[in-house]
Structures are given as C-alpha cells and as structure tokens.
Amino acid sequence: MSIPLTYKHANCYINAYINRLHHYKDKNLKMVIGALGINNWFEYGGKDWTLDDYQRTMFGHISDSHCWLEDDEGNVYDFLFEEYKYWVNIRTKKPMKRSGLIEGVSKEELKADGIEYVPAPLEARKALFFATHKMMKMTHDALASGKAKWMGQMLMINP
C-alpha cells in the first residue's frame, strides 16, 4: 500500500521517512537531520551545534532536532507548519515570510525568506538516525499494513 504525502506536526522524522519511500520514491531524495531556523531563531537544533549539543537533547527517539529531505542539488522538501508562526513571532518579533509545503526549493531562496536548514555534523546525524530508525520503521510499517492510521496529528493503532 502506498502512503500519501504525509506532513504531521511534531513528526518530522516520520514525515521524511514515509515521503522518501512513497510520494517522492522516484526522486532519489535523502533524509537530512539537523537544525531549522526561522528569522535567525532556531526552534529545532542550533546553527552551530555539535554532536554533544544534540546528544544532550536526546531522550529515546526524541531530540531537539529537525529532519527533512534534500535532492542531489541540496534543494529542500519539507513543510513549515502554521503552528510555527506563533512562536517565531514571539521569539523574533517578525512574521514568517513562508509557510506550508516546500518542494525542491533551494537553501539560498529559503534563506532569503528567513528559513535556514543546517545539517548536523555527520556523527550527530548518524546518532540521531539510529536513535529514531526503529520508531520510523514501525510507524511506516503500521501505516502501510493498515494496522494504524492518522487521526489528525495522532497515530491511532487499529484494534
């Protein structure tokens, strides 16, 4: 069963994993883990974070990081949720210039709109991927088999 384009708030790892395998399966996209900054404020991760910084925020499969997709040219595939607008405005006193679906947009174009995607150091990306892989695969498999479905932003296991 193919899973449709999936973007659920607070589920960036699952979104990237599922979308890479299904909706974008013919695009040869790679998952990238790191930081997401908006208007020079980083909601997820930090611009200059090290492996130690990311490890300090890890609790099981949860961490202060972001996961998105990129093509061979480094263009971004992700979704900027409406929920971000509130926090960005409070933290930066500036509105977000962009929200919603991002498909194949260059990092330069995004940065011009105040959106910054910063890959974590390689060792941090590996640690975060291995910490989340089991959860991503289990969620994918449950959705693909019909054993689970999304109810709003929550994953519900079918009885």
- [ ] Scan the stretch 5-60 residue by residue and report those that are over 13 Å from the mean Cα position of the chain (by Cα), more than 27 Å from Tyr86 (Cα to Cα) and either outside any loop (DSSP other than H, G, I, E, B) or at pLDDT below 95 (or both).
- [x] Leu21, Leu51, Asp52, Gln55, Gly60
- [ ] Write out, first by first residue and then by second, each pair whose Cβ atoms fall under 7 Å of each other, whose residues are 6+ apart or on separate chains, and whose first residue, in the stretch 88-117, is on the phi > 0 side of the Ramachandran plot while the second is exposed (fewer than 15 other Cβ atoms within 10 Å of the Cβ).
- [x] Gly114/Lys97
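The values are calculated or read from the model by the stated rules, or taken from the named source; none is laboratory data. Here the structure is a predicted model, which means the values were calculated and not measured. Reconstructed Cβ throughout: ideal geometry from the backbone, glycine too, with neighbour counts over all protein chains shown.
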